[in-house]
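Structure record follows, encoded as structure tokens.
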Amino acid sequence: MEHITKLFKLGATGAIAVSLAFAAGTTTNAETITAVMRQPMRTLDPVITTAYIVRNYGYMIYDTLLSLDAKGDIKPQMAEKWQVSEDGKTYTFTLRPGLKWDDGSPVTAADCIASIKRWSSTDSVGQIMASLLTSIDQVDDRTFSLNFKVRTGIALQALSKYSSKAPFIMPKKVAETPTSKAITESIGSGPFKFVKSEFKPGIQTVYVKNKDYMSRTEPPSGLAGGHVVKVDGVRWITLPDAMTSINAIKSGEVDFIELLPYDLLPILEQDKNIQLIVSKSQGGMPLMRLNHLIPPFNNKKIRQAALAAIDQKEIMQADVGSPKYYSTCASVYGCGSPFTTTAGAEHLVKADPELSKKLLKEGGYDGTPVVIMRPTDYPNGGGSFVPVIAQQLRKGGFNVQIQAVDWQTEIQRRATRKPVSQGGWNIATTTLSFADLGDPLSNYSIAANGEKAWFGWPNNPQIEELRHQFAVATDLADQKRIATEIQKLALDDVEIIPLGEFSVVSAARKSLNGILKTPLPVFWNITKTKD
Amino acid sequence: MLTIIVKRLIATIPVLVVVAVVIFAALRLTPGDPAVIVAGEGATLQQIQQIHHDMGLDKPVLVQFAVWAGDMLKGDFGDSLISGLPVSTMILNRAGPTIAITTYTVLLTLLISIPVGLISASRRGKFIDKLVSGASVLGFSVPVFITAYILIFLFSMKLGWFPVQGYEPISKGLWPHFQHLILPVTAQCTIYIALVTRFVRSGIIDTLNEDYIRTARSKGLAERSVLIRHALGNAAVPILTIIGISITMLIGGVVVTETVFNIPGLGRLVVEAIQTKDFTIIQAVIVLFSVFDIAVNLIVDILYTVVDPRIRN
């Protein structure tokens, strides 16, 4: 009995010591934001990949010449000013004085030229801009000019492009890396510094405040204005298990979750320490892509039949669930872009199975099964809603075969142009962010340049001619008119079938204040107080 | 003894060659392309093909295999196709958490299951035996992730004693290290404690019916000595077998624990590499896992000869 009493006392003492140690161990650093990002970060080159996480990394450590404000207007960022020549062919940019790389050296016009050249060799909008350029000339250390063959407005539009791939400015020695080789350096002039020693690909990316960063003095608006960092650092982590993320933010181990699964939202909705942030601009659009190269969708009437069979509301219900977070949309540019239009979208939102059957008859559909891939491991890419699409197509008169695949298989298979019997496909689904949809140039899903187009390979020279006209247009009214024409053609030819649109729901602990409404997650302007 | 070890080591060579060929071929035969991952969603076919070329994946498969095998023989695992970092560095960075979980799990399993199995066998049919048997069945029937979620709910969310996720190396302090590993190791070892306890119990019960146990008891030996020296010693071979199997299963199965508790170990590294088709990482980790399995089996074989002289002879 005496032994038992001793043991009990020893256990109780140990428990108290352990509890004290727990308390000490769970103290957090109030000046570092721990954020769970939606994708793992594995590469450091935002010019080679279109992965959003690498774009977001770019906004942490690099800066851009121009930015879009909350209204979508183009504003100077690294640039102090720009001038357009009278003939509209030359754009001259001057950098703000005092800009520095985080290794202490000054940012020069030569850095900008090298960065623009590298970026424009891989980005779709950059390539259009490059095709119109005659030269890029350095005027002095802070000034350079873009000289075009024709009068064009593409310079400002391209250099203010904010989504993948954004024209980040890098040091000349880094920007001269050939695009066949990924950049492994991380010298930037942005608001944060990348901590290479803490980088664990796929696991953790750590940033500290760049104390030498020269923020603009204007208040932040969209991605423009001041990028004032109000914390010491930010740690991005990837949590492979959604439930663990939820538990971690509830317990205070993480401060921010970029993307919450819709079905887990009720767990956080009632938590008084958590704020849910619904962001339309960070959302996107699920879409269907038809293979224009092989039967039956090499027949325009049959493509139109597929479009007529689709009902957006039913699909979004399966994809998202709560109407708080989705809506239907009759525009290929999404319903928040300056170029949004409903032109040519009469049959886009609501299903018309009878029209579908009629068009199938006119197109001579012979009942051959159409194969639709269902990525079961990627619910928002189609895993959740492909069965609904299949059923709608069946109601419209199609013979449909669903083939379950994993996302890796889908993205590899959708690149094949062979017939279905040789591993090809008829219908693929995916999701695009609004950042990549908003105008006819950055929206690569409506490009119709045949073999060079996105998978599905639509070939429509009229659309390509209009996209070229859009690129050289200098007047917003002109651009809107052209964008409307492009949508009419794109929906008539069925380059894509938009399936609705959704908002992204993020979560933050209430100790975070000043989170900006931006089209991608940014970490400037945020303060962190103790819980 | 030395002859046995040398023979077994020589026998591992063809095993490793087969593993290398099979994993290399399997990765090339299954769908998925790391170039697609690097290129991102909006990439055109031309861009993907360019990256594919830059990664050297358009070379003939036999050439790729020869290059990889040659480098492996020199101890060079190559660079990750996705991050560009040396695979050996990535493995070293990720090995710590997996080694920690595996080591603590094995130690706890041995420390708990052998005495509990012995007690249960010696009290066969009594309440304690029924309790241990019931708990064992429950232990290996409940999946690791369920146990993990229950532990997180109780000890992290309700009591706030342990963090929900993450890992701290031992270099950051003994307490932070164990604070992050107590729940994962508990979740992980439940199934192994249950399994090994069952084997210890049944092995001991089998030997307790043998004549030499009766002789030992009739000589007046203390029951503890009968159990440990005679019963456990003679039941050691099957117990060693199940411990060996458990350790090899553990190294492959730790990925679930690493995922639920967000521990950046080798299991997650290989799963992430599979998701991104990072061939060089998958190949290197699978070969390392195979070497580990072979080493564990070799050690178990050697231990057989130690505990049972008949095998040695």
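The values are calculated or read from the model by the stated rules, or taken from the named source; none is laboratory data. Small disclaimer: the values here were computed from a predicted structure and weren't measured. As a convention, Cβ positions derive from the backbone with ideal geometry for all residues, glycine included, and neighbour counts pool all protein chains shown. SASA here: full protein model, heavy atoms, side chains in, ligands and nucleic acids out. Shrake-Rupley method; radii C 1.70, N 1.55, O 1.52, S 1.80 Å.
Counting only residues that are in contact with a strand residue (DSSP E or B) (Cβ under 7 Å, 6 or more places away or on another chain), under 14 Å from residue A:506 (Cβ atoms) and open to solvent by 30 Å² or more (accessible area, probe 1.4 Å), region A:232-260 holds 1 of them. Considering region A:237-320, the qualifying helices (runs of 4 or more DSSP H), each wholly inside and each with 2 or more residues that are within 14 Å of chain B (Cβ to nearest Cβ), run over A:242-251, A:265-269.
The set of residues in region A:376-421 being in a helix (DSSP H, G or I), away from chain B (no Cβ under 14 Å) and without any contact (Cβ under 8 Å) to a residue 40 or more places away in the chain consists of A:390, A:391, A:394, A:421.
Taking region B:129-155 as the range and being exposed (fewer than 14 other Cβ atoms within 10 Å of the Cβ) and part of a helix (DSSP H, G or I) as the test, the residues that pass are B:130, B:131, B:134, B:137, B:138, B:141, B:146, B:150, B:153, B:154. If a residue has to be in a helix (DSSP H, G or I) and open to solvent by 60 Å² or more (accessible area, probe 1.4 Å) to count, how many in region B:111-123 make the cut? The total comes to 3.
When you go through B:45, B:2, B:9, B:16 one by one, which is the residue that is open to solvent by 20 Å² or more (accessible area, probe 1.4 Å) and at the interface with chain A (Cβ under 10 Å from one of its Cβ atoms)? After applying the criteria, what remains is B:45.
Yes or no, residue by residue, for (1) more than 27 Å from residue A:237 (Cα to Cα); (2) over 20 Å from the mean Cα position of the chain (by Cα):
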residue: A:162; (1), (2): no, no
residue: A:166; (1), (2): no, no
residue: A:174; (1), (2): no, yes
residue: A:179; (1), (2): yes, yes
residue: A:184; (1), (2): no, yes
residue: A:194; (1), (2): no, yes
residue: A:198; (1), (2): no, yes
residue: A:206; (1), (2): no, yes
residue: A:209; (1), (2): no, yes
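If the condition is being crowded, with 18+ Cβ neighbours inside 10 Å and in a helix (DSSP H, G or I), then region B:156-176 contributes B:156, B:176.
Contact annotation: residue pairs with Cβ atoms under 7 Å, 6 or more positions apart or on different chains, pairing a residue in region A:132-145 that is assigned to a strand (DSSP E or B) with a partner that is among the acidic types (Asp, Glu), are A:144/A:137; A:145/A:137.
When we screen B:214, B:198, B:229 for residues that are more than 25 Å from residue B:15 (Cβ to Cβ) and at pLDDT below 85, the only hit is B:229. Quick check on region A:329-358: of everything there that is under 14 Å from residue A:392 (Cβ atoms) and touching a Gly at 6+ places or on another chain (Cβ under 9 Å), which residue is least open to solvent (accessible area, probe 1.4 Å)? In this case the residue turns out to be A:356. Of the candidates A:520, A:491, A:499, the single residue that is more than 30 Å from residue A:417 (Cβ to Cβ) and not β-branched (Val, Ile, Thr) is A:520. For region B:260-303, filtered to residues that are facing chain A (nearest Cβ under 10 Å) and open to solvent by 40 Å² or more (accessible area, probe 1.4 Å), the residue that is nearest to residue B:99 (Cα to Cα) is B:271.
You will find that of A:114, A:110, A:35, the residue that is touching a helix residue (DSSP H, G or I) at 6+ places or on another chain (Cβ under 6 Å), of a type outside the set (Val, Ile, Thr) and farther than 30 Å from residue A:467 by Cβ is A:110 and no other. The residue that is surrounded by the fewest Cβ atoms within 10 Å (Cβ to Cβ), counting only those in region A:74-83 that are in contact (Cβ under 8 Å) with a residue 60 or more places away in the chain and farther than 13 Å from residue A:215 by Cα, is A:74. Can you pull out the residues in region B:76-94 that are under 22 Å from residue B:53 (Cβ atoms) and part of a helix (DSSP H, G or I)? Correct list: B:87 only. Of the residues making up region A:170-213, those that are more than 26 Å from residue B:94 (Cα to Cα), basic (Lys, Arg) and part of a loop (DSSP other than H, G, I, E, B) number 1. Residue B:77 - would you say it is open to solvent by 20 Å² or more (accessible area, probe 1.4 Å), out of contact with any strand residue (DSSP E or B) (no Cβ under 6 Å at 6 or more places or on another chain), among the aromatic types (Phe, Trp, Tyr) and more than 14 Å from every other protein chain (Cβ to nearest Cβ)? When the stated conditions are applied, residue B:77 passes them.
For region B:191-230, the set of residues classified as among the polar types (S, T, N, Q) and either under 23 Å from residue B:107 (Cβ atoms) or open to solvent by 60 Å² or more (accessible area, probe 1.4 Å) (or both) consists of B:197, B:202, B:209, B:215, B:218, listed by residue number. Can you tell me which residue within region A:51-73, out of those that are among the small types (Gly, Ala, Ser) and away from chain B (no Cβ under 14 Å), is surrounded by the fewest Cβ atoms within 10 Å (Cβ to Cβ)? This residue is A:72.
Just one of the listed residues (A:33, A:48) is open to solvent by less than 60 Å² (accessible area, probe 1.4 Å) and either more than 14 Å from chain B (Cβ to nearest Cβ) or not in a loop (DSSP other than H, G, I, E, B) (or both), and it is A:33.
Looking only at residues of region A:187-225 that are buried (at least 19 other Cβ atoms within 10 Å of the Cβ) and of a type in the set (Ser, Thr, Tyr), we find that the one that is farthest from residue A:96 (Cα to Cα) is A:205. Could you check region A:42-86 and list, in sequence order, the residues that are more than 17 Å from the chain's Cα centre (by Cα), farther than 24 Å from residue A:437 by Cα and either at pLDDT below 90 or not hydroxyl-bearing (Ser, Thr, Tyr) (or both)? Hits for region A:42-86 are A:61, A:78, A:79, A:80, A:81, A:82, A:83, A:84, A:86. Looking across region A:427-459, the residues that are open to solvent by 20 Å² or more (accessible area, probe 1.4 Å), touching a helix residue (DSSP H, G or I) at 6+ places or on another chain (Cβ under 8 Å) and either aliphatic (A, V, I, L, M) or away from chain B (no Cβ under 12 Å) (or both) come down to A:439, A:459. Scanning region A:298-319 for residues that are charged (D, E, K, R) and modelled with pLDDT of 95 or more gives A:300, A:301, A:303, A:311, A:313, A:314. Scanning region B:26-39 for residues that are out of contact with any helix residue (DSSP H, G or I) (no Cβ under 8 Å at 6 or more places or on another chain) and open to solvent by less than 50 Å² (accessible area, probe 1.4 Å) returns a single hit, B:26. Looking only at residues in region A:87-139 that are among the acidic types (Asp, Glu) and open to solvent by less than 20 Å² (accessible area, probe 1.4 Å), the one that is farthest from the chain's Cα centre (by Cα) is A:111.
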